[in-house]
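Written below as structure tokens is the structure these notes are about.
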Amino acid sequence: MQTIEELTDQLKAQIIECLHLEEVYEDLDVDMPLFGEETGLDSIDALEVVVLLEKNYGIKIEDAKVARKILYNVRTIAEHVEANRAK
Amino acid sequence: MNPRVFITGYGVITAIGKDGPENLASLLDQRCGFGKLDILETVHRDTLPACEIKLHDHELCNLAGVSDGAGFTRTALLGLIAVREAVRSSALSPEDLRHAGMISATTTGGIREFERRFRDVQDLAKNVAFPAYLDTADPGEHTERLADVLGIRNYIGTISTACSSSANAILTGARLIRHGVFERVICGGTDALSRMTLNGFHSLLILDKDHCRPFDENRRGLNLGEGAAYLVLESEASLARSGKNAVAELRGYANLNEAFHQTAPSPEGTGALRAMREALQRGGLTPEAVDYINAHGTGTENNDLSEGTALQSLFGERVPPFSSTKPYTGHVMAAAGSVEAVFCLMAIENGLIFPNINFREPMKELGIRPVTELKRGVSLTHILSNSFGFGGGTASLLFSKC
């Protein structure tokens, strides 16, 4: 069974890869807002993360308002994945 | 003085009717085209409703007066049905058509047909005639088809600027007339539902699975639709010669790009505000003169807040009566601008304001409320119609009673 820490590290790596952040961030601060002014990432980038969560964890996100809460930062993503993962 | 541009006829097909009178009757009865998808082949049939025209392609061929199997895409068929009605209602002769120009808009063209054959095309063993399908993915293919059938030889143009497309077709036609290039231009747009559109909007998380609620605090997104509409624009000189009565005048227009984001409008509604302001300026009017606004009002969180903010910025405390007619027809994408232009013309001709159904609670950020009851016997002199699109395009048209 994967711990939340291991899951968080795995998610960080997957997000960095899927959003091509390798040259900007070596490591992601779990509390840093993932989208918006700090990172310059926007709603189109968020779609990539939605697809990532569906493909790797079987999690479907279909409501934009809910998505905004889940995708707020790495910590919120990890908590949602841990509670809802189907694989 | 600028030469004036008049509208002398129109045609429309949507999920609420296959011609103008049917659409008007549905609007008066507040009958909406929203429901389960029956005709588009999609795995989302049970979960993503839309405003679909409940006619199969062979039935559309019949209505359009072309033979089934002549290679017309659904987009072209819808366009042909609406454009034929426009030509009839403006009583254009074959001679008139020969000298006319035509500008048509689409976002999807023949994508619907192409996606049905996509896997066949990929399978080399099947040896499918590839180029025959590929042609219809060109947005201009449908315009050539329509022009061919109508006998328009002089000039054709195609515009594809997402959901502001047919508003841009109309204002481009108006410019051609104002500059003396043509005396008559047929302008509008057409779009059939396709899996690409449905899946694309679904991925963006902006489809409401229930009936859309434009300008409501609890709105959850838009419903897609399909349809087509065309307007016949004529110069003042042409009108004087023929002695025809115009339906209305296209008094002003504006289109610009706010260059904010690929799919989201700016929160301040910068583009929407400027489009409305510049359309009024071109028409020599101040905001107080506006009697009604047919809003873009898609029902998405972003659009309605952005457009509502622009309305408040332009009109201040006195926002004129406004409504979105998208709950009736769905968002018909490239055809939205011309379909809603036709609804504005119906409003002017009949003294009506069509209500923004499904609205209950105002957005908490703004103090505006759309019209929610059908209004009859209203004297409408000047109407604005807004059409905004992905990519930052914002257009506004100003129609005036003659």
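The values are calculated or read from the model by the stated rules, or taken from the named source; none is laboratory data. The shown structure was predicted, so the numbers you read here are calculated from the model rather than taken from an experiment. Cβ: placed from backbone, ideal geometry, glycine included. Neighbour counts: every protein chain shown.
Return yes when A:LYS60 is without any contact (Cβ under 8 Å) to a residue 40 or more places away in the chain and part of a loop (DSSP other than H, G, I, E, B) and no when it is not. Yes, satisfied. Every condition in (1) part of a helix (DSSP H, G or I); (2) in the same structural domain as B:ALA174 (by TED's automatic domain parsing); (3) in contact with a helix residue (DSSP H, G or I) (Cβ under 9 Å, 6 or more places away or on another chain) is met by B:ALA237 except one, and the failing one is (3). Every residue in segment B:14-56 that is of a type outside the set (Gly, Ala, Ser) and touching a Cys at 6+ places or on another chain (Cβ under 8 Å), please. Matches in segment B:14-56: B:THR14, B:ILE16, B:CYS32, B:PHE34, B:CYS51.
Of all the residues that make up segment B:113-148, how many are hydroxyl-bearing (Ser, Thr, Tyr) and modelled with pLDDT under 90? Qualifying residue count, segment B:113-148: 2.
Filtering B:GLY79, B:GLY180 for residues that are in a loop (DSSP other than H, G, I, E, B) and not polar (S, T, N, Q) leaves a single hit, B:GLY180. Which count do you get for residues in segment B:87-102 that are touching a residue at least 40 places away in the same chain (Cβ under 8 Å) and more than 18 Å from B:ALA246 (Cα to Cα)? Residues flagged as touching a residue at least 40 places away in the same chain (Cβ under 8 Å) and more than 18 Å from B:ALA246 (Cα to Cα) within segment B:87-102 amount to 5.
Across segment B:45-64, the qualifying residues are those that are assigned to a loop (DSSP other than H, G, I, E, B) and without any contact (Cβ under 8 Å) to a residue 40 or more places away in the chain, and the one among them that is farthest from B:ILE13 (Cα to Cα) is B:ASP46. Taking into account only those residues within segment B:250-278 that are part of a helix (DSSP H, G or I) and surrounded by 24 or more Cβ atoms within 10 Å (Cβ to Cβ), which is farthest from the other protein chains (Cβ to nearest Cβ)? Across segment B:250-278, the extreme among qualifying residues is B:MET276. Note on segment A:60-84: residues that are of a type outside the set (Gly, Ala, Ser) and either closer than 23 Å to A:VAL24 by Cβ or more than 14 Å from every other protein chain (Cβ to nearest Cβ) (or both) total 14. B:ASN199 falls short on exactly one of the conditions (1) touching a residue at least 12 places away in the same chain (Cβ under 8 Å); (2) in a helix (DSSP H, G or I); (3) more than 14 Å from chain A (Cβ to nearest Cβ), and that condition is (3).
I'd like to check something: does segment B:128-148 contain any residue that is crowded, with 24+ Cβ neighbours inside 10 Å, of a type in the set (Val, Ile, Thr) and farther than 17 Å from B:GLY252 by Cβ? Yes: one or more hits. Any idea which residue in segment B:202-227 is farthest from the other protein chains (Cβ to nearest Cβ), counting only those that are under 21 Å from the mean Cα position of the chain (by Cα) and in a strand (DSSP E or B)? Once the filter is applied, the top-ranked residue is B:GLY227. Within segment B:279-314, the residues that satisfy the criterion of being crowded, with 18+ Cβ neighbours inside 10 Å and hydroxyl-bearing (Ser, Thr, Tyr) are B:TYR292, B:THR298, B:THR300, B:SER306, B:THR309.
Any residue that is in a loop (DSSP other than H, G, I, E, B), in contact (Cβ under 8 Å) with a residue 60 or more places away in the chain and not assigned by TED's automatic domain parsing to the domain that holds B:GLY389 - is there at least one of those in segment B:165-175? No, segment B:165-175 contains no residue that is in a loop (DSSP other than H, G, I, E, B), in contact (Cβ under 8 Å) with a residue 60 or more places away in the chain and not assigned by TED's automatic domain parsing to the domain that holds B:GLY389.
One line per residue, one yes/no per condition, for (1) without any contact (Cβ under 8 Å) to a residue 60 or more places away in the chain; (2) under 23 Å from B:PRO355 (Cα atoms); (3) touching a strand residue (DSSP E or B) at 6+ places or on another chain (Cβ under 8 Å); (4) not small (Gly, Ala, Ser):
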{"residue": "B:LEU256", "(1), (2), (3), (4)": "no, no, yes, yes"}
{"residue": "B:GLN262", "(1), (2), (3), (4)": "no, no, no, yes"}
{"residue": "B:PRO267", "(1), (2), (3), (4)": "yes, no, no, yes"}
{"residue": "B:THR270", "(1), (2), (3), (4)": "yes, no, no, yes"}
{"residue": "B:LEU280", "(1), (2), (3), (4)": "no, no, yes, yes"}
{"residue": "B:PRO287", "(1), (2), (3), (4)": "yes, yes, no, yes"}
{"residue": "B:GLY297", "(1), (2), (3), (4)": "no, yes, yes, no"}
{"residue": "B:GLU301", "(1), (2), (3), (4)": "no, yes, no, yes"}
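Scanning segment B:11-38 for residues that are among the aliphatic types (A, V, I, L, M) and either outside any loop (DSSP other than H, G, I, E, B) or surrounded by fewer than 16 Cβ atoms within 10 Å (Cβ to Cβ) (or both) yields B:VAL12, B:ILE13, B:LEU24, B:ALA25, B:LEU27, B:LEU28.
Among the residues of segment A:33-42, is any over 21 Å from B:PRO265 (Cα atoms), over 12 Å from the mean Cα position of the chain (by Cα) and away from chain B (no Cβ under 14 Å)? Checked against the condition, which is being over 21 Å from B:PRO265 (Cα atoms), over 12 Å from the mean Cα position of the chain (by Cα) and away from chain B (no Cβ under 14 Å), segment A:33-42 yields no hits at all. For segment A:31-79: of the residues being surrounded by 15 or more Cβ atoms within 10 Å (Cβ to Cβ) and among the small types (Gly, Ala, Ser), which is nearest to A:HIS20 (Cα to Cα)? Top of the filtered list is A:ALA46. Determine whether B:VAL378 is surrounded by fewer than 18 Cβ atoms within 10 Å (Cβ to Cβ) and either at pLDDT 95 or above or not β-branched (Val, Ile, Thr) (or both). It is true that B:VAL378 is surrounded by fewer than 18 Cβ atoms within 10 Å (Cβ to Cβ) and either at pLDDT 95 or above or not β-branched (Val, Ile, Thr) (or both).
For segment B:315-358, the candidate set comprises residues that are farther than 21 Å from B:GLY271 by Cβ and of a type in the set (Asp, Glu); within that set, the residue that is surrounded by the fewest Cβ atoms within 10 Å (Cβ to Cβ) is B:GLU317. A:ASN56 passes every criterion in (1) within 14 Å of another protein chain (Cβ to nearest Cβ); (2) farther than 19 Å from B:GLU301 by Cα apart from (1).
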